[in-house]
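See below for the structure under consideration.
Bear in mind these aren't lab numbers, they're just calculated from the coordinates by the rules spelled out. Since we're looking at a predicted model, the values are computed, not measured. Positions of Cβ are backbone-derived with ideal geometry, glycine not excepted, and every protein chain shown enters the neighbour counts.
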Amino acid sequence: MIRYARLLILLIVVLVCSIHAHAQGVALPTVNLGFKTVNDPQDLVNSIKILLALTVLTLAPAILIMMTGFTRIIIVLSFVRQALGTQNMPPNQLLVGLALFITFFIMSPFLSNVNNEAIQPFLNGTIKQDEAVEKALAPMRTFMFNQTRDTDLNLFIDLAKIEKPKTRADVSTQVLIPAFIISELKTAFQIGFIIYLPFLVIDMIAASVLMAMGMMMLPPVIISLPFKIMLFVLVDGWALIVGSLVRSFG
């Protein structure tokens, strides 16, 4: 054992020395932050584009969650898992990944409009920043208006204490986004309630059968879980849920 320990220590020392010797001959990239005078206006434009890109990447998670159908989708998928009673199956990572891809599928026409009408013209220099922001928001506002209830929109207009807009174009984005989120939450919970009903019936039947047999100590969920999974598989539940979710945004 002592011999093996000495051999292991020797190998570690040789490995560290070889890595150190190899690292001395490797050129590592460096990053310098600072200000400098530029003569070419294009350099300034490129720097501004980089800053805007970093800003968009920073806000991307909030934009994805708050201005798309991700909220409704992830809540409904979570309701499905809770109604089945399968605890952590499917796992959270799988549900979030599925919700993301469904969101991209639903939002692809709107994101294509944003890219064609705002991002590409701005990168080509044909439109300015303010115009690019307005054109990028237009498809997203159209999507959110289609999914927002008038009652929720009026609620936030009253809370903002502003004059009631005459048209949708007069509604500010700061008012539209929270109204859209509230509408999405309400729609998601309505869908979740409908999903729960058949599984609740199975739980009640299992509990009644166990009570009639005098098996009070056996949890009903142990008996009902296989039947709920079998029912969900037989009716092709995932296809029904995903199909209904996608159609609900129509």
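Quick notes
- Set of aspartates and glutamates near LYS186 by C-alpha distance (under 18 Å), chain-local residues within fewer than 8 positions excluded: ASP150, ASP152
- On full extension, the segment bounded by MET66 and ASN88 gains 5.4 nm, given 0.36 nm per residue less the C-alpha separation.
- Between LEU155 and MET213, the distance separating the two model label sites (each 7 Å from Cα on the Cα→Cβ line) works out to 4.6 nm.
- Cα-based shape type of region 154-250, given that a ≥ b ≥ c are square roots of the gyration tensor eigenvalues and the cut on a/c is 1.5: prolate
- Prolate/oblate/rounded call for region 139-183, Cα gyration tensor, a/c under 1.5 rounded: oblate
- FRET efficiency for ASP130 and ASP170, using Cβ-Cβ distance with R0 set to 25 Å, rounded to 0.05: 0.85
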